[in-house]
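Presented below is the structure to which this report refers.
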Amino acid sequence: MRTPWGQVRWRNVIFLFGTALTTVTAAPLYIWHFGITFAQLALFFVFLVATGLSITLGYHRLFSHLTFQAHWGVKLFTLLFGAAAFEGSALEWSADHRRHHKHVDQDEDPYDISKGFFHAHIGWLLFRTGPDTPLTWVRDLQKDKLAVWQHRYYVPLAFAVGFALPALIGLAFGGWVGALGGFLLGGVARVVVVHHMTFCINSLCHWIGDRPYSTDCSARDSLFMAFFTFGEGYHNFHHHFQYDYRNGVKPWQFDPTKWTIWLLHKVGLARSLRTVPEEKILKAQVTEHQRRYAATLAAKNAPVSDAVHAFLQSAHDRMHEAYERWERALAGWREAAERRHEHSLQRRRELKRELDEAALHLREAMRQLGRAHEA
């Protein structure tokens, strides 16, 4: 296959491969010759967290999806350190991401996973397969003076905050040797790590994991990926409920971006946090379980025993009954007086337990069906 040289994005190729090559050659040579100090390690991790959260919290949940509103200081921080991630301006990044959600898994999706893992991970940045996403996708953000300012001065801001600042901090702590270490570790190596953390959201988060809320698209939930993406690994939930400020919606799910937004809200630096009502989340889970139940039965050609069929029907009936009770209780709670509020919350918890038990029952029924056909 002939390389489409006219479609190569040479600036991206040079920067992405240049920083990666420097990270695997110059950075180890520096450590071998000069060693590494606690200050340099701290510089690497502080800039990693600052730029990583500026992408997940700022570019993604604040600007792309408007899941909350932030104090101007928070916005400025995420715009400065978001630029230092070298992933484009907030306007460009958000335009691509909104287009991705609108056309996920279709040809118009900038990082369409159906075109292959390499394309979704990095290929879309290296080769031009279509026109760039116009900024008409972010007309609302073009009214934000800080976002427009960052877009206009993105390149100098990126180099100043991404490379010069860690070098200057290194200089202050260790002279020219510290400055070189700050540039290589807090600058170049950190950029590469943040790049591939973000790229994994576009590739592995559409490749690895479960789809508990919807199979309408390839996005998946994965605790493993959440650890490497600051909580963005719960991608199936995010694609189904993209305007929720949480990706890891369960309290125990690893989502440091969600926790940071919550803390900012508690100290008055974030407001209007958008969440999806719990009943909608449970409804999506129930609907998906019921769809899988029907698909599993339809896909099996061999007959099942009366006992297995009865077990499956019992699971389906139990799920359906629990869901109907949930809907009836919801209607009553909306009209309940304030004095009955605590009772409503208790009843809601009881029904949630019933739904969870029904979901487990249904999953066990599907496993039983699989074992029956293998026998």
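Read-outs: derived from the displayed coordinates by stated rules, not from any lab. This structure is a prediction, so every number in the text was calculated from the model and none was measured. Here the Cβ positions follow ideal geometry from the backbone for every residue, glycine too, while neighbour counts run over all protein chains shown.
So what's the projected area for region 148-306, the Cα convex hull averaged over all directions, in nm²? Over every viewing direction, the Cα hull of region 148-306 projects on average to 14.5 nm². Here the peptides 98-107, 210-219, 84-93, 6-15 are ranked by packing, the mean other Cβ count within 10 Å, and the order with the highest first is 84-93, 210-219, 98-107, 6-15. When 165, 21, 43 are sorted by how many other C-beta atoms sit within 10 angstrom of their C-beta, beginning with the fewest, the order is 21, 165, 43. Taken along the Cα-to-beta-carbon direction at a fixed 7 Å, the label points for residue 148 and residue 38 span 4.7 nm.
At a Förster radius of 45 Å, what calculated FRET efficiency corresponds to the Cβ-Cβ distance of residue 172 and residue 11, to the nearest 0.05? Efficiency, from the Cβ-Cβ distance: 0.90. Seen from residue 291, the other residues with C-beta closer than 11 Å to its C-beta sum to a net charge of 0, counting Lys and Arg as +1 and Asp and Glu as -1.
Under 5 Å between amide hydrogens, built in the peptide plane, is the criterion, and for residue 234 it picks out 222 among residues at least 5 positions away or on other chains. Placing unit charges on the Cβ atoms only, positive for Lys and Arg and negative for Asp and Glu, gives region 5-271 a dipole magnitude near 580 debye about its Cα centre. For the peptides 146-154, 186-194, residues were scored by their other Cβ atoms within 10 Å and the scores averaged per peptide; the highest-first order is 186-194, 146-154. Working from Cα pairs under 8 Å separated by at least six residues, relative contact order for region 15-142 is 18 percent.
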